[in-house]
Amino acid sequence: MAVNYNDIDPRKKAFIFELDNVLFPAKDYYYQIYYLFANLLEYTELNNASKTTELMIATYNTKGEDAVYDALVGELDVDEKYRSKLEIMLLTSKLPLKLLLYQNMLSFMQEVVTDRKKLFVVTNGTPQMQLNKIRQVEWHGLESYLTCYFAQETRPKPDTDSIDLLLKEHHLERRDLLMITGSNTDILCAEASGIDYLSASEIIS
């Protein structure tokens with residue numbers, strides 16, 4: 001049974017979210033970039049776009065994002081000169097389709113806003129890429145209620161710098177916050193910050 005907003009301690013005043021696999025599936029971003037990159041390669045090098053996309057997605061799912069380009073080099077003999085092109089596309093590309101929030105997470109956030117509580121995104125990862133994702137989410141009007149912190153601009157989670165800054169700038173107490181976690185990194189950050197947390201999977205499921 002999924003946790004909904006009414007199950008949360010009503011004394012909480014603010015909620016902190018990561019982006020990837022908390023608000024939306026991370027793969028929805030990467031798959032679209034891989035599709036765009038594969039079509040670029042087909043246009044420039046006549047590589048079969050669907051075959052390239054399939055390999056990139058399969059590698060992402062089995063070995064992770066960092067192994068994707070090496071797989072292209074090793075299996076499809078893609079030239080090293082395109083590596084930087086993929087890196088730039090991951091930071092800046094306009095996606096064919098908007099990124100969709102998990103339905104239960106959207107409902108949860110809408111109820112937070114209706115209850116006049118605060119929404120924060122505190123995200124690890126390259127700030128430019130994370131901002132590119134944020135710009136391409138279908139927020140359903142929630143974007144005007146969001147305050148975003150890019151943890152890498154201070155020190156990445158599980159370091160607590162971004163949480164400490166958030167508390168100071170918004171005059172909040174640790175007991176006021178609930179972090180919606182998507183990884184062990186988030187949990188360690190919440191524990192080190194002395195704030196309560198709830199796994200995103202409990203809301204999404």
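The values are calculated or read from the model by the stated rules, or taken from the named source; none is laboratory data. All values derive from a computational prediction rather than experimental measurement. For neighbour counting, all protein chains shown are included, and Cβ atoms are generated from backbone atoms with ideal geometry for every residue, glycine included. Side chains included, ligands, DNA and RNA excluded: accessible areas come from the protein's heavy atoms. Shrake-Rupley method; radii C 1.70, N 1.55, O 1.52, S 1.80 Å.
The set of residues from the stretch 175-205 being open to solvent by 20 Å² or more (accessible area, probe 1.4 Å) and either part of a loop (DSSP other than H, G, I, E, B) or in contact with a His (Cβ under 6 Å, 6 or more places away or on another chain) (or both) comprises Gly182, Ser183, Gly194, Ser205. Among the residues here, Tyr82 qualifies as surrounded by 14 or more Cβ atoms within 10 Å (Cβ to Cβ), outside any loop (DSSP other than H, G, I, E, B), touching a residue at least 24 places away in the same chain (Cβ under 8 Å) and hydroxyl-bearing (Ser, Thr, Tyr). Of all residues in the stretch 68-107, those that are under 18 Å from Ala58 (Cα atoms) and among the small types (Gly, Ala, Ser) total 2. Considering only residues in the stretch 34-55 that are surrounded by 15 or more Cβ atoms within 10 Å (Cβ to Cβ) and at pLDDT below 90, the one that is farthest from Leu97 (Cα to Cα) turns out to be Asn47. Looking across the stretch 112-131 at every residue that is farther than 19 Å from Ser162 by Cβ and in contact with a helix residue (DSSP H, G or I) (Cβ under 8 Å, 6 or more places away or on another chain), the one that is surrounded by the most Cβ atoms within 10 Å (Cβ to Cβ) is identified as Val112. Within the set Lys94, Lys27, the sole residue that is under 20 Å from Gln128 (Cα atoms), free of Cβ contacts under 8 Å to residues at least 40 places away in the same chain, surrounded by fewer than 18 Cβ atoms within 10 Å (Cβ to Cβ) and not polar (S, T, N, Q) turns out to be Lys27. Here the stretch 57-79 is the region considered, the condition is being in a helix (DSSP H, G or I) and touching a residue at least 24 places away in the same chain (Cβ under 8 Å), and the residue that is nearest to the chain's Cα centre (by Cα) is Glu65.
For the stretch 12-69, the set of residues classified as in contact with a strand residue (DSSP E or B) (Cβ under 7 Å, 6 or more places away or on another chain) and among the acidic types (Asp, Glu) consists of Glu18, Asp28, listed by residue number. Residues of the stretch 137-157 that are open to solvent by 50 Å² or more (accessible area, probe 1.4 Å) and in a loop (DSSP other than H, G, I, E, B): His140, Thr154, Arg155, Pro156.
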